[in-house]
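The values are calculated or read from the model by the stated rules, or taken from the named source; none is laboratory data. Predicted model only: the values in this text are computed from it and were never measured. A quick note on method: Cβ atoms are made from the backbone with ideal geometry, for glycine too, and the neighbour counts reach across all protein chains shown. Accessible surface is based on the protein model in full, side chains and every heavy atom, while ligands, DNA and RNA are left aside. Shrake-Rupley method; radii C 1.70, N 1.55, O 1.52, S 1.80 Å.
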Amino acid sequence: MRLEGKVAIVTGGARGIGEAIVRDFVAEGASVVIADLLETEGNALATELQEMGYDVYFHKTDVSSEDSIKALRNFTLGTFSKLDVVCNNAAINIPGAVTELSEDTWTRTMDVNVKSQFLMGKHTVPLMQKQGKGSIINMGSANSFVAEPRLSAYVASKGAILMLTRAMALDYAKDNIRVNCICPGWVDTTLNDAHAELYGGRDVVLQDLSSIQPIGRAINPSEIAKVATFLASDDSSCMTGSPVIADGGITAGA
Ligand SMILES: NC(=O)c1ccc[n+]([C@@H]2O[C@H](COP(=O)([O-])OP(=O)(O)OC[C@H]3O[C@@H](n4cnc5c(N)ncnc54)[C@H](O)[C@@H]3O)[C@@H](O)[C@H]2O)c1
């Protein structure tokens, strides 16, 4: 088991890719705190996994709030007395060109997608420094590298995540804290519902996925989870500041 003895926080872990990461982390031996706004889904997932014998808790968290992130850190420390892995996975995606987006949508997108990763770093890196080790995994996107029409706030946030990852990797390499990001392509999750409407809806997108994603199918959340587990584990010990592109070929021809 590649994460035996490690304690991890997974933000946005109540559904979608985050849920798959939680499932893979516990299966690989980690103790996990699921941090999400979705209480019903988060508690149900934690209960299901506890009943299977895994060491996992749900903690209601708004990743855009510093107080909420401090409470999450304190809960994790109070429960497990340490923290080895932070997976910053929570995000929102509200489509629109800049002339279509409200200032509130822009600010909310940046707060949930980017400020959250800054705040998680601010409040968890000191623990990892004391422990002498840590792995931070930020969820980027193929949109960290390529833009798309009418997706400005999301694309800008994912570009920022790539550079925040690199900046943090430089700052904390000396502390043995690795900071990497995963850049997925199209994964069939709730996040994409509004995005898919730009192309005629989810069914249309899935039928014609090869036009945007060369492998011609949606990526399964569990496939992204495997990448997260690799980055969380000591198998990736020489990697920091790396975007791991898991995009079914989207950026290969860009
Ligand atoms: N689905 C894709 O095709 C795709 C592609 C590239 C990158 N990603 C990235 O993968 C990550 C997971 O996305 P997903 O597709 O599983 O989406 P999702 O909508 O299924 O899951 C996102 C989770 O984040 C949580 N969340 C949202 N705002 C929050 C907040 N303020 N505080 C705490 N939790 C909050 C949601 O409740 C949800 O559980 C995101 O960073 C997304 O940008 C997804």
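Tabulated results
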{"quantity": "Ordering of 169-180, 219-230, 43-54, 130-141 by packing [mean C-beta count within 10 Å, highest first]", "calculated": "130-141, 219-230, 169-180, 43-54"}
{"quantity": "Over the stretch 98-159 - Rg/Rh using Cα atoms and the Kirkwood inverse-distance radius", "calculated": "1.11"}
{"quantity": "Spatial extent of the stretch 100-254: Rg and Dmax, with the Cα atoms as the point set, Å", "calculated": "16.4, 51"}
{"quantity": "Percentage relative contact order, the chain, counting C-alpha pairs under 8 Å, at least six apart", "calculated": "20 percent"}
{"quantity": "Label-point separation in nm, Glu100 to Leu206, each point 7 Å along Cα→Cβ", "calculated": "2.3 nm"}
{"quantity": "Accessible area expressed per residue, the chain, with surrounding protein chains retained (probe 1.4 Å, Å²)", "calculated": "43 Å²"}
{"quantity": "Carbon + sulfur, % of accessible area of the stretch 195-254 - ligands and nucleic acids excluded, 1.4 Å", "calculated": "52 percent"}
{"quantity": "More than 17 angstrom apart: percent of Cα pairs within the stretch 17-89", "calculated": "39 percent"}
{"quantity": "FRET efficiency, Ser237 to Glu39 (Cβ-Cβ, R0 30 Å, nearest 0.05)", "calculated": "0.25"}
{"quantity": "The stretch 1-78 - percent of accessible surface contributed by carbon and sulfur, probe 1.4 Å", "calculated": "46 percent"}
{"quantity": "Dipole magnitude of the stretch 1-158, debye to nearest 20 (Cβ charges: Lys/Arg +1, Asp/Glu -1, about Cα centre)", "calculated": "600 debye"}
{"quantity": "Compactness relative to 2.2 N^0.38 Å, alpha carbon Rg of the stretch 1-139", "calculated": "1.05"}
{"quantity": "Positive-pole candidate from Ser222, Ser236, Leu198, dipole of the stretch 124-254, charges at beta carbon", "calculated": "Ser236"}
{"quantity": "Accessible carbon and sulfur surface of the stretch 100-170 relative to its total accessible area, %, 1.4 Å", "calculated": "60 percent"}
{"quantity": "Simple spin-label estimate for Asp175 and Gln129 in nanometres, 7 Å along Cα-Cβ", "calculated": "0.5 nm"}
{"quantity": "Tilt relative to the chain, helix 152-172 - C-alpha long axis, 0 to 90 degrees, to 10", "calculated": "30 degrees"}
{"quantity": "Volume in Å³ per residue [convex hull over Cα atoms, computed for the stretch 10-56]", "calculated": "52 Å³"}
{"quantity": "Cα centre as origin, Lys/Arg/Asp/Glu Cβ charges: the stretch 112-215 dipole, Debye", "calculated": "700 debye"}
{"quantity": "Virtual spin-label span in nm between Arg217 and Gln50, 7 Å along Cα→Cβ", "calculated": "3.6 nm"}
{"quantity": "The stretch 130-212 - convex hull of alpha carbons, volume per residue in Å³", "calculated": "106 Å³"}
